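In what follows, a structure is listed as structure tokens, so that the remarks can point back to it.
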Amino acid sequence: MTEISYRLPQRRVLSTALPGPRSQELAARRKAAVAAGVGSTAPVYAADADGGVIVDVDGNSLIDLAAGIAVTNVGASHPKVVAAVRDQIERFAHTCFMVTPYEAYIQVCEELSALTPGDHEKRSVLFNSGAEAVENAIKVARLATGRTAVVAFDHAYHGRTNLTMALTAKSMPYKSHFGPFAPEVYRMPMSYPFRDGGLDGVAAAREAISRIEKQIGADSVAAIIIEPIQGEGGFIVPAAGFLPTLVEWARANGVVFIADEVQTGFARTGEWFACDHEGVVPDIITMAKGIAGGMPLSAITGRADLLDAVHAGGLGGTYGGNPVACAAALAAIEAIRDHDLPARAKHIGEVAMARFTALAQEIPAIGDVRGRGAMLALEFVRPGTTEPDAALTAAIAKRCLEQGVITLTCGTFGNVIRLLPPLVISDELLDEALTVLCTAIGDLAN
């Protein structure tokens with residue numbers, strides 16, 4: 001493993017109260033220019049970022065436990081990615097792969113064939129966003145099977161376009177008043193060990209399968225789509241056996257199994273993909289976020305017979321697989337290998353889980369501690385119950401930000417703190433951030 005070096009000092013520095021005066025100026029300008037429907041977690045404006053820190057326009061250096069929502073796994077300005085982007089942009093920024101193709105697109109697809117689960121023959125297509133990847137995965141499944149119904153799950157998040165809003169479970173802020181939505185989407189119960197009465201994974205899957213067969217009929221289902229670990233829904237890790245049982249049923253019934261690894265992919269969970277933890281081989285896998293070190297790129301990779309069933313021109317897009325984004329992706333993949341970031345993610349998880357597990361013994365408001373690798377969550381409840389405590393969760397996130405640590409909240413009930421640190425964060429910075437978080441929990445939850 002190559003040593004991780006940093007361009008910026010890896011330390012927390014609070015030069016002003018947050019937000020500082022320059023961030024406040026930008027907030028005022030934003031209000032007059034940016035649509036109110038675009039929200040931001042932190043009211044500070046970034047000027048620089050590297051490793052595990054984000055430096056704002058007022059000179060404050062904040063510890064980043066968000067990674068741009070699992071995007072900057074290799075850091076926000078990894079030197080390999082920077083060099084690759086600079087080299088490509090000096091040659092050409094765009095030709096459109098559908099007009100004049102280029103090698104980098106092919107190279108990314110070759111890498112995805114090698115990295116994604118399964119040793120079957122594969123094909124890939126590149127797009128711009130996770131939602132776009134999901135939409136196209138559904139298109140492929142419907143065309144290849146000749147069926148229309150799609151099964152999604154409680155607590156799912158798959159995007160904000162019309163079809164992906166239909167797949168997404170949570171109404172506010174993602175779906176409310178934006179309908180009508182795409183038809184033929186059916187929602188089934190998810191394995192949620194903290195909230196489903198201790199149902200084991202196989203039994204939970206059989207319950208979902210029973211409902212599919214009764215409410216839809218297996219021969220009408222084109223695809224099952226699921227996040228192997230749910231993201232926005234609360235970092236829900238399904239019980240062991242849930243995913244393999246769904247896959248087994250899908251295979252037996254000609255249903256395309258789509259793993260949405262937009263948030264979980266590219267070393268985030270301690271493996272290249274979260275499916276690898278249970279040996280699950282999806283028919284199609286969707287990817288984005290961590291794929292390109294911060295550049296906009298997404299992909300679907302799947303069985304060759306499925307993707308090659310689509311007629312020429314049926315897949316693509318003007319910017320899909322942009323050459324600069326492809327160059328960034330190749331560099332990011334190289335950096336993940338060089339630094340052995342799957343192992344690094346496991347280490348981050350072990351360090352954090354040890355502290356969270358101990359803290360949960362002292363704080364009754366911590367209902368559940370869960371996650372894999374560097375995809376970690378704390379679910380907060382009213383002590384002695386499973387009643388969600390969204391107010392406490394928001395207060396903890398706010399206190400952390402005041403202390404210079406950026407965290408994210410999530411969950412169907414808004415009661416989960418999720419941690420997605422860059423995988424290149426130093427041990428010292430991680431320890432400091434965890435101390436700030438644990439102190440905030442101790443102060444506010446007692």
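The values are calculated or read from the model by the stated rules, or taken from the named source; none is laboratory data. Keep in mind that this is a model prediction, so the values were computed, not measured. So basically every Cβ, Gly included, is an ideal-geometry build from the backbone, and we count neighbours across all protein chains shown.
The requirement of being surrounded by fewer than 16 Cβ atoms within 10 Å (Cβ to Cβ) and closer than 23 Å to Glu271 by Cα is not satisfied by Glu387.
Quick check, is Gly75 touching a residue at least 24 places away in the same chain (Cβ under 8 Å), in contact with a Gly (Cβ under 8 Å, 6 or more places away or on another chain) and either in the same structural domain as Thr269 (by TED's automatic domain parsing) or over 20 Å from Ala288 (Cβ atoms) (or both)?
Spelling it out, it is not the case that Gly75 is touching a residue at least 24 places away in the same chain (Cβ under 8 Å), in contact with a Gly (Cβ under 8 Å, 6 or more places away or on another chain) and either in the same structural domain as Thr269 (by TED's automatic domain parsing) or over 20 Å from Ala288 (Cβ atoms) (or both).
Against the conditions (1) surrounded by 14 or more Cβ atoms within 10 Å (Cβ to Cβ); (2) modelled with pLDDT under 95; (3) of a type in the set (A, V, I, L, M), Met1 satisfies every one except (1). Kindly check whether there is at least one residue in the range 228-236 that is farther than 30 Å from Asp305 by Cβ, of a type in the set (Gly, Ala, Ser), modelled with pLDDT of 95 or more and surrounded by 23 or more Cβ atoms within 10 Å (Cβ to Cβ). Within the range 228-236, one or more residues are farther than 30 Å from Asp305 by Cβ, of a type in the set (Gly, Ala, Ser), modelled with pLDDT of 95 or more and surrounded by 23 or more Cβ atoms within 10 Å (Cβ to Cβ).
If you scan the range 162-174, which residues turn out to be crowded, with 17+ Cβ neighbours inside 10 Å and out of contact with any His (no Cβ under 7 Å at 6 or more places or on another chain)? Before the answer, list the steps.
Residues of the range 162-174 crowded, with 17+ Cβ neighbours inside 10 Å: 163-170.
Leu163, Met165, Ala166, Lys170 - these are the residues of the range 162-174 that are crowded, with 17+ Cβ neighbours inside 10 Å and out of contact with any His (no Cβ under 7 Å at 6 or more places or on another chain).
Among the residues of the range 278-322, those identified as closer than 11 Å to Val140 by Cα, of a type in the set (Gly, Ala, Ser) and assigned to a loop (DSSP other than H, G, I, E, B) are Ala309, Gly314. Evaluated against (1) within 30 Å of Tyr6 (Cβ to Cβ); (2) surrounded by fewer than 23 Cβ atoms within 10 Å (Cβ to Cβ); (3) of a type in the set (Lys, Arg), Arg418 falls short on exactly one condition, (2). Tell me yes or no: at least one residue of the range 175-187 is more than 20 Å from the chain's Cα centre (by Cα), among the small types (Gly, Ala, Ser) and buried (at least 21 other Cβ atoms within 10 Å of the Cβ). Scanning the range 175-187, I find no residue that is more than 20 Å from the chain's Cα centre (by Cα), among the small types (Gly, Ala, Ser) and buried (at least 21 other Cβ atoms within 10 Å of the Cβ), so the answer is no. Evaluate the following for Thr168: is it farther than 19 Å from Val38 by Cα, hydroxyl-bearing (Ser, Thr, Tyr) and at pLDDT 95 or above? No: the conditions fail for Thr168.
In the range 315-325, the qualifying residues are those that are more than 19 Å from the chain's Cα centre (by Cα) and surrounded by 18 or more Cβ atoms within 10 Å (Cβ to Cβ), and the one that is farthest from Leu420 (Cα to Cα) is Leu315. Among the numbered conditions (1) under 22 Å from Gln10 (Cβ atoms); (2) assigned to a helix (DSSP H, G or I); (3) not small (Gly, Ala, Ser), the only one that Pro422 does not meet is (2). Screening Ile396, Ile441 for residues that are at pLDDT 95 or above, within 24 Å of the chain's Cα centre (by Cα) and either surrounded by fewer than 23 Cβ atoms within 10 Å (Cβ to Cβ) or within 21 Å of Phe235 (Cα to Cα) (or both) leaves exactly one candidate, Ile396. The single residue among Glu3, Glu25, Glu90 that is farther than 26 Å from Leu420 by Cβ, of a type outside the set (A, V, I, L, M, F, W, C) and outside the structural domain of Glu402 (by TED's automatic domain parsing) turns out to be Glu90.
Select, from Ala343, Ala352, the only residue that is touching a residue at least 60 places away in the same chain (Cβ under 8 Å), under 28 Å from Gly293 (Cβ atoms), of a type in the set (A, V, I, L, M) and surrounded by fewer than 23 Cβ atoms within 10 Å (Cβ to Cβ). Walk me through how you get there before you give the answer.
On the way: Ala352 fails: surrounded by fewer than 23 Cβ atoms within 10 Å (Cβ to Cβ).
So the residue among Ala343, Ala352 that is touching a residue at least 60 places away in the same chain (Cβ under 8 Å), under 28 Å from Gly293 (Cβ atoms), of a type in the set (A, V, I, L, M) and surrounded by fewer than 23 Cβ atoms within 10 Å (Cβ to Cβ) is Ala343.
Among the residues making up the range 194-222, a single one is in contact with an Asp or Glu (Cβ under 8 Å, 6 or more places away or on another chain), modelled with pLDDT of 95 or more and buried (at least 18 other Cβ atoms within 10 Å of the Cβ): Ala204.
From Ile258, Ile284, Ile300, Ile236, which residue is closer than 16 Å to Arg372 by Cβ and aliphatic (A, V, I, L, M)? Give the derivation first.
On the way: Ile258 fails: closer than 16 Å to Arg372 by Cβ; Ile284 fails: closer than 16 Å to Arg372 by Cβ; Ile300 fails: closer than 16 Å to Arg372 by Cβ.
Of the residues listed, the single one that is closer than 16 Å to Arg372 by Cβ and aliphatic (A, V, I, L, M) is Ile236.
Against the condition touching a helix residue (DSSP H, G or I) at 6+ places or on another chain (Cβ under 8 Å), farther than 20 Å from Leu376 by Cα, among the aromatic types (Phe, Trp, Tyr) and touching a residue at least 40 places away in the same chain (Cβ under 8 Å), how does Trp249 come out, does it pass? Break it down stepwise before answering.
On the way: touching a helix residue (DSSP H, G or I) at 6+ places or on another chain (Cβ under 8 Å): yes; farther than 20 Å from Leu376 by Cα: yes; among the aromatic types (Phe, Trp, Tyr): yes; touching a residue at least 40 places away in the same chain (Cβ under 8 Å): yes.
Yes.
Considering only residues that are in contact with a strand residue (DSSP E or B) (Cβ under 7 Å, 6 or more places away or on another chain) and assigned to a loop (DSSP other than H, G, I, E, B), look in the range 371-393 and name the one that is nearest to Leu65 (Cα to Cα).
Checking each candidate, the answer is Asp389.
Name the one entry in Leu359, Leu420 that is outside the structural domain of Ile236 (by TED's automatic domain parsing) and closer than 30 Å to Glu111 by Cα.
From the options Leu359, Leu420, the qualifying one is Leu420.
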